[in-house]
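The values are calculated or read from the model by the stated rules, or taken from the named source; none is laboratory data. If you're wondering where the values come from, they're calculated on a predicted model, not measured in any experiment. Glycine gets a Cβ as well: all are built from the backbone with ideal geometry, and neighbour counts include every protein chain shown.
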Amino acid sequence: MKNVLIIYMAILGFSATAQRHEAPKSAPKAELKQNLTAEQKAALRTKKMTLALDLTEKQQKEVKQLFLKEAKARKTVKKDRKNQKKLSATERFERKSQVMDKRIAHKKEMKSILTEAQYTKWERFAKKRMKRRKQKRKDHQNHG
């Protein structure tokens, strides 16, 4: 009887841990970001960058305008993407090429706004951010 009880407890323990599902940690952040306007997103990104890089008033205004322009562009791209079906190889290439062109332009604009020291620090942050995104995407693909 004692052995049966131990086996029953072990099975119960295994089944309880096997069914434990953790909610994604980023769900509240993602919800928050979706509810913000382009202006609000630009303002928050600017403040975050100001804290990290100690931007001047002039730099803050320029960075905010850049972020606002990009946020509006992202919104239109997102709407277009919802209406599209699966892309052909040529269309995928075109989209990736456009994304890379936008990144290059963004980098040039940031370089013209920031000081050399700020730009170096910003680049380090950007590389870390990209690394985290790739890791997150990789983790998501492995679990999904």
Within the range 79-95, of all residues that are surrounded by 11 or more Cβ atoms within 10 Å (Cβ to Cβ) and among the basic types (Lys, Arg), the one farthest from Met130 (Cα to Cα) is Arg92
Those helices (runs of 4 or more DSSP H) lying entirely in the range 20-87 with at least 3 residues at pLDDT 75 or above, within 17 Å of the chain's Cα centre (by Cα) and closer than 22 Å to Arg103 by Cα
38-53, 57-83
List every residue pair whose Cβ atoms sit under 8 Å apart, with the two residues 6 or more apart in sequence or on different chains, where the first one lies in the range 90-101 and is closer than 22 Å to Ala71 by Cα and the second, anywhere, is outside any helix (DSSP H, G or I).
Arg95/Leu87
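Please work out if Ala126 is surrounded by fewer than 10 Cβ atoms within 10 Å (Cβ to Cβ), modelled with pLDDT under 95 and small (Gly, Ala, Ser). Steps first, please.
On the way: surrounded by fewer than 10 Cβ atoms within 10 Å (Cβ to Cβ): no; modelled with pLDDT under 95: yes; small (Gly, Ala, Ser): yes.
The answer is no for Ala126.
Determine which member of the set Glu109, Glu62, Glu70 is farther than 16 Å from Lys48 by Cβ and surrounded by 13 or more Cβ atoms within 10 Å (Cβ to Cβ). It would help to see each step written out before you state the result.
Numbers: Glu62 fails: farther than 16 Å from Lys48 by Cβ; Glu70 fails: farther than 16 Å from Lys48 by Cβ.
It is Glu109.
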